[in-house]
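Heads up: the structure comes next, in C-alpha cells.
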Amino acid sequence: MTEETGRAGTPPLDLLDLDGTLSEEDRQIRSVVARLVDTRVRPHVADWYEAGQAPVRELAVEFGRLGLLGMHLTGYGCAGASAVAYGLACLELEAGDSGVRSLVSVQGSLAMYAIWRYGSEEQKRHWLPRMATGELIGCFGLTEPDHGSDPASMTTRASRDGSDWVLSGGKMWITNAPVADLAVVWARTDEGVRGFVVPMGTPGVAAREIRRKMSLRASSTGEITLDGVRLPADAQLPAATGLRAPLSCLTEARYGIVWGALGAARDCLHATLDYAGSRTQFGRPIAGFQLTQAKLADMAVELQKGYLLALHLSRLADAGTLRPEQVSVGKLNNVREAIAIARQCRTVLGANGISGEYPVLRHANNLESVLTYEGTSEIHQLVIGQRLTGLAAFGG
C-alpha cells in the first residue's frame, strides 16, 4: 500500500521524517517489493487465508526473480543487499501477510543461511543458486513436538553407520515443509548437535500438512517425520558444531521479524485511518472524535519507535556489530507493539474489524504466531535479562 502524502509533503505515518534517512537504493528496493505485494498478494490474500492455502511455489519463483530469496547473502546467485534493504523488503512483504514474509524468511534466513554459513563449498554451489531463484524450496527442522523453546532437549537422533548417517525423529511447526524440496535438519549425535541437508524425497522422510490453523493460514506449515533416513557423509553441514549453529540461524530470522511485524502494524493502521475518515457516526467521521484520535496517535507513535529501533539494528548489522540480545530487544518490542496496534485497530473498526474485507483481524491472528515463533516473548525477556544480570534464568 502506498502512503498518501500529507499537506507538509511527508507520508502521514512518517511523523519523524525517517524516510529521509534512507538511501535512494533502499527506497527503490522498497518500492519494487511494495508494487509486487500490491499486484500479487493483496488482491488474493484474503482468499488464501480463508482457504488455508497459498500458491507457495509460484510465489517463491516470483520472489526469486526479484532477488528476495537470501537477498542479504553474498555469492551463489544471492543479491548481497544491505541489512536495511532486506529489512524494508520484510516490512513490505508482511504488510501483505505474515505468511508471505515467513516464506521468504524461512527460505533465506534459515535454510539458505544455514547452508551459506555452515555448509561445504560443494553444498553451497549445489543448493544455493537454485534456492535463490525459487526453483528449490527449503525448510528448517529444529522445533520438535515436545521441544520448542528448549531445543537443547531435542530427541531427533543421527547415528553413524559406516560412512553414512541414519536419522530418526520428528520436527513440528515447520514452515514450508509440505512443499519443500529440502530440509536443514538438526539432530543430536554422539559429538553433539549437528546439521544435515535432507532432500525431502529421501526414503524415510515424510511431511504432513498441519490443518485447522487459526493463524498464518496463507502459509504452508507441516510436521516432518524421519524414520531411519540414510544420508551420505557429505549431507552433514561441516562447520555446524553444537547448538550455537541453529541458534545463529534463528537470530538471522528474528532480524527479519523485527522489520516484518512493523509491516503488519502499518497495514492495520492504514486501513484504520481510511476507515475512520469515512465512517460517520453522530453526524461526523469517527476520525474527528477525541478518543479515536488518541488511539491513532498512540499507535502511530509506537510504529515510529519500532521503525527507529529496526533502523538502528540494521545499521549495526551492516557495520558487523549487531549482537543476538539486541535482535531480541527488537523482536520482543516490535512484535509486542504490532499485535497491540492490530488489536486496537480492530476496536476502531468495530464489528467491521472482524470481517475479511479488512486486513486487521487477519494481521492480528497472524501476529499471534509471530509472537511465538523464533523465540517467544518470554525467551527474549530471558535473553535480555541474562545480558543485564549475567545470570541465565532459562528453565528456572
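The values are calculated or read from the model by the stated rules, or taken from the named source; none is laboratory data. Computed from a predicted structure; not experimentally measured. Every residue, glycine as well, gets a Cβ built from its backbone with ideal geometry; the counts of neighbours run over all protein chains shown. Just so you know, the surface numbers come from the protein's heavy atoms only, side chains and all, with ligands and any DNA or RNA stripped out. Shrake-Rupley method; radii C 1.70, N 1.55, O 1.52, S 1.80 Å.
Computed values, structure above
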{"quantity": "Residues satisfying the stated conditions in region 321-351, i.e. open to solvent by less than 70 Å² (accessible area, probe 1.4 Å) and outside any helix (DSSP H, G or I)", "calculated": "Leu322"}
{"quantity": "Region 162-181: number of residues that are out of contact with any helix residue (DSSP H, G or I) (no Cβ under 7 Å at 6 or more places or on another chain) and at negative phi", "calculated": "11"}
{"quantity": "Matching residues, region 282-299, being of a type in the set (A, V, I, L, M, F, W, C), open to solvent by 60 Å² or more (accessible area, probe 1.4 Å) and under 36 Å from the mean Cα position of the chain (by Cα)", "calculated": "Leu291"}
{"quantity": "Restricting region 205-247 to residues that are at pLDDT 95 or above, among the polar types (S, T, N, Q) and open to solvent by 30 Å² or more (accessible area, probe 1.4 Å), the residue that is farthest from Ala187 (Cα to Cα)", "calculated": "Thr225"}
{"quantity": "Check on Glu357, open to solvent by less than 50 Å² (accessible area, probe 1.4 Å) and assigned to a loop (DSSP other than H, G, I, E, B)", "calculated": "no"}
{"quantity": "Which listed residue, of Ser328, Ser248, Ser314, Ser278, is small (Gly, Ala, Ser) and without any contact (Cβ under 8 Å) to a residue 12 or more places away in the chain", "calculated": "Ser278"}
{"quantity": "Residues within region 370-381 that are polar (S, T, N, Q), assigned to a helix (DSSP H, G or I) and closer than 25 Å to Arg217 by Cβ, tallied", "calculated": "2"}
{"quantity": "Of residues in region 123-163 being open to solvent by 50 Å² or more (accessible area, probe 1.4 Å) and among the β-branched types (Val, Ile, Thr), the one nearest to Ala235 (Cα to Cα)", "calculated": "Thr155"}
{"quantity": "Qualifying residue in region 231-238 (condition: part of a helix (DSSP H, G or I) and closer than 25 Å to Gly306 by Cβ)", "calculated": "no"}
{"quantity": "Residue under evaluation Ser120, criteria (1) farther than 30 Å from Arg266 by Cα; (2) buried (at least 24 other Cβ atoms within 10 Å of the Cβ), criterion not met", "calculated": "(2)"}
{"quantity": "Subset of region 185-213 [hydroxyl-bearing (Ser, Thr, Tyr) and not in a strand (DSSP E or B)]", "calculated": "Thr202"}
{"quantity": "Contacts under 9 angstrom Cβ, first residue in region 208-236 being more than 13 Å from Ile174 (Cα to Cα), partner assigned to a loop (DSSP other than H, G, I, E, B) and of a type in the set (A, V, I, L, M), 6 or more apart", "calculated": "Arg217/Ala54; Ala218/Ala54"}
{"quantity": "Hits in region 21-66 (condition: more than 15 Å from Asp97 (Cβ to Cβ) and open to solvent by less than 20 Å² (accessible area, probe 1.4 Å))", "calculated": "Leu22, Asp26, Gly64"}
{"quantity": "Residue check, Leu273 part of a helix (DSSP H, G or I) and within 22 Å of the chain's Cα centre (by Cα)", "calculated": "no"}
{"quantity": "Matching residues, region 83-117, being open to solvent by 20 Å² or more (accessible area, probe 1.4 Å) and not hydrophobic (A, V, I, L, M, F, W, C)", "calculated": "Tyr113, Arg117"}
{"quantity": "Gly80 vs. criteria open to solvent by 10 Å² or more (accessible area, probe 1.4 Å), in contact with a strand residue (DSSP E or B) (Cβ under 6 Å, 6 or more places away or on another chain), of a type outside the set (A, V, I, L, M) and more than 20 Å from Gly260 (Cβ to Cβ)", "calculated": "yes"}
{"quantity": "Residue in region 266-273 that is touching a His at 6+ places or on another chain (Cβ under 7 Å) and modelled with pLDDT of 95 or more present", "calculated": "yes"}
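Each row is one residue, and each column tells you yes or no for (1) open to solvent by less than 30 Å² (accessible area, probe 1.4 Å); (2) β-branched (Val, Ile, Thr); (3) not in a helix (DSSP H, G or I).
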residue	(1), (2), (3)
Gly353	yes, no, no
Leu361	no, no, no
Glu368	no, no, no
Val383	no, yes, no
Gly395	no, no, yes
